[in-house]
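**Q** The structure under discussion is supplied below as structure tokens; questions concerning it will follow.
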Amino acid sequence: RLWQQHGEAMARALSRHDALVQAHIQRHGGKVVKHTGDGFFAVFEEGGNPLGCAIHTQSSLAKQDWGEVGELRIRIAIHAGEAEKRGEDYFGAEVNRTARILSTAWGGQILVSQQAKECVHMPPHTTLEDLGTHRLKDLEAPQRLYLVRHPRLPLTEFPALRSLSARPNNLPPQSTVFVGRQEEMRTIKERLQLPACRLVTLVGPGGIGKTRLALQSAASVIEDFPDGVFLVELAPLQEPHWIFHAIAQAIGFTFYSTESPEAQLAHYLADKRILLVLDNFEHIIPAAPAIGKLLKTAPQCRALCTSRQPLHLDGEYLLPVSGLAWDAGQGIPDAWQLFVQSARRIRPEFEISEHNQPYIAEICRLVDGIPLAIELAASWVHTLSCAQIVEELQKGLDIITTNRQDIPERHRSLRHVFEYSWALLTPEERTALQALSAFPSEFTLQAARQGAGVSVSLLASLVEKSLVRKLPAERYQVLSVLQRY
Ligand SMILES: Nc1ncnc2c1ncn2[C@@H]1O[C@H](COP(=O)(O)OP(=O)(O)OP(=O)(O)O)[C@@H](O)[C@H]1O
Ligand SMILES: [Mg+2]
């Protein structure tokens with residue numbers, strides 16, 4: 001808003017703000033790593049005084065006369081941890097976490113994490129007020145946060161932190177760090193804000209990362225849904241009509257009359273601003289029309305579905321989910337990152353080296369960048385070298401399995417994942433898929449029809465069920481992991 005009203009004055013104010021903040025950072029032993037668009041990311045190594053810097057910065061900004069811009073309130077977060085330095089920049093989970101903590105703060109506030117509290121120097125007259133533990137939008141372990149109090153700080157009263165805990169939700173914590181998918185998250189957010197969009201369906205084959213993407217996206221849009229964001233697991237349902245009970249249970253609604261569950265739920269949701277994450281919809285496709293109807297009567301509700309096939313509803317936006325990028329471009333591809341991160345859970349000292357990099361690249365390519373397959377393949381680093389994992393993968397899919405108990409059973413082997421997809425196919429679709437798997441790589445529609453005897457409609461339904469990928473220029477490809485299956 002400030003930009004629209006006072007464009008030029010704002011630009012002047014910001015450059016003055018930048019100079020001031022930078023000067024404070026340097027004076028307190030810190031180093032500006034980068035300008036983040038509307039702020040700074042700075043590091044303080046041992047001997048630096050980040051807390052003193054934060055207090056001075058806030059108090060001196062408050063004393064400045066910003067002219068027609070009025071007030072300029074900034075948020076500051078201080079966190080401590082190890083980060084990986086590459087060139088002049090820093091990377092790693094703790095860097096991301098710092099940004100997450102900052103995003104919960106209000107203008108004028110200084111937040112300090114538990115980890116930072118334990119190691120920062122406390123300037124005189126400073127106290128830290130315990131704000132309790134908060135879940136952040138990264139869905140990782142909760143974070144204990146403190147509010148900095150100091151007589152020189154201009155503001156003392158703030159609303160509740162903008163953390164995940166500020167809105168009703170049942171999003172489960174995740175034990176691994178989320179990788180990549182920034183573009184998909186942006187698209188999902190934009191679409192959920194469109195009035196014409198009632199539901200977004202993430203479609204893709206098993207293990208591609210639909211559920212994980214849906215959860216992270218739901219967390220990131222939680223501010224837009226004051227009545228909450230709820231995960232509804234559809235996989236355990238035996239019958240499509242149980243979906244209303246599953247939704248009611250997730251959002252904490254109790255049926256109260258003899259009216260149909262559908263009608264009671266519609267009544268309750270009519271004026272709510274809720275996002276329902278409907279996970280594994282392929283399992284109960286016949287329930288789709290009822291969900292379409294429910295969303296029509298609840299204009300502020302949205303659904304974010306994951307499914308191995310589209311729901312075919314009015315106002316449905318489809319977002320095909322593909323594997324993580326594995327081709328080497330700038331930086332480390334997302335698929336490699338997931339591999340390394342997964343390998344480190346088993347062998348903490350695991351690193352990408354000149355020696356293993358070509359094999360990591362090959363593993364990610366052989367499994368089409370499918371996150372589940374990458375995680376399962378990486379779980380072999382305790383006994384096999386990366387080169388040996390490649391060798392095994394070339395023989396078949398059997399290596400892509402684990403007996404780790406913290407993984408849901410249906411995700412313990414890739415074969416299992418595909419068996420589930422296979423079971424949902426008609427006999428004609430199975431024959432067609434087998435015939436198409438004989439093509440070594442891409443094929444055209446004509447080749448499918450003449451070479452493999454597969455009709456256009458069969459091919460279309462395999463594409464729809466995410467087993468065959470449609471490439472540009474009317475070319476098609478059977479997922480390469482499937483070929484080995
Ligand atoms: N972007 C990501 N970053 C880190 N881990 C990921 C990412 N995407 C997926 N994973 C991990 O890969 C595994 C499979 O992902 P997920 O469960 O989301 O697949 P899915 O497409 O929902 O599969 P299904 O169709 O069987 O339900 C999970 O362990 C998940 O945590
Ligand atoms: Mg899933």
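**Q** What's the number of the only condition in (1) over 17 Å from SER461 (Cβ atoms); (2) more than 13 Å from ligand 1 (Cβ to nearest atom); (3) of a type in the set (Lys, Arg) that ARG430 fails to meet?
**A** (1)
**Q** On the basis of being within 16 Å of ligand 1 (Cβ to nearest atom), part of a helix (DSSP H, G or I), at pLDDT below 95 and not assigned by TED's automatic domain parsing to the domain that holds VAL367, does ILE285 make the cut?
**A** yes
**Q** The conditions are (1) buried (at least 20 other Cβ atoms within 10 Å of the Cβ); (2) part of a loop (DSSP other than H, G, I, E, B); (3) away from ligand 2 (no atom under 16 Å from the Cβ); (4) not assigned by TED's automatic domain parsing to the domain that holds HIS79, and LEU161 fails exactly one of them. Which is it?
**A** (4)
**Q** Among the residues of the range 99-117, is any out of contact with any Lys or Arg (no Cβ under 9 Å at 6 or more places or on another chain), among the β-branched types (Val, Ile, Thr), under 26 Å from ALA13 (Cβ atoms) and not in a strand (DSSP E or B)?
**A** yes
**Q** Quick one: would you say ILE332 is at pLDDT below 90 and either on the phi > 0 side of the Ramachandran plot or aliphatic (A, V, I, L, M) (or both)?
**A** The answer is yes for ILE332.
**Q** Oh, and also: Return the residues of the range 208-251 that are of a type in the set (Val, Ile, Thr), within 13 Å of ligand 1 (Cβ to nearest atom) and under 16 Å from ALA303 (Cβ atoms); say none if nothing qualifies.
**A** THR211
Here's the yes/no breakdown for (1) farther than 26 Å from VAL367 by Cβ; (2) away from ligand 2 (no atom under 16 Å from the Cβ); (3) open to solvent by 30 Å² or more (accessible area, probe 1.4 Å); (4) out of contact with any helix residue (DSSP H, G or I) (no Cβ under 7 Å at 6 or more places or on another chain):
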position: THR156; (1), (2), (3), (4): yes, yes, yes, yes
position: LEU199; (1), (2), (3), (4): yes, yes, no, no
position: LEU202; (1), (2), (3), (4): no, no, no, no
position: GLN216; (1), (2), (3), (4): no, no, no, no
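**Q** Is it the case, given these coordinates, that GLU183 is among the acidic types (Asp, Glu), over 27 Å from TRP422 (Cα atoms), open to solvent by 10 Å² or more (accessible area, probe 1.4 Å) and within 13 Å of ligand 1 (Cβ to nearest atom)?
**A** It is true that GLU183 is among the acidic types (Asp, Glu), over 27 Å from TRP422 (Cα atoms), open to solvent by 10 Å² or more (accessible area, probe 1.4 Å) and within 13 Å of ligand 1 (Cβ to nearest atom).
The values are calculated or read from the model by the stated rules, or taken from the named source; none is laboratory data. Since this is a predicted model, take the numbers as computed values, not measurements. All Cβ positions, even for glycine, are placed from backbone atoms using ideal geometry, and neighbour counts span all protein chains on display. To get the accessible areas, we keep the full protein, side chains included, count just its heavy atoms, and leave off ligands, DNA and RNA. Shrake-Rupley method; radii C 1.70, N 1.55, O 1.52, S 1.80 Å.
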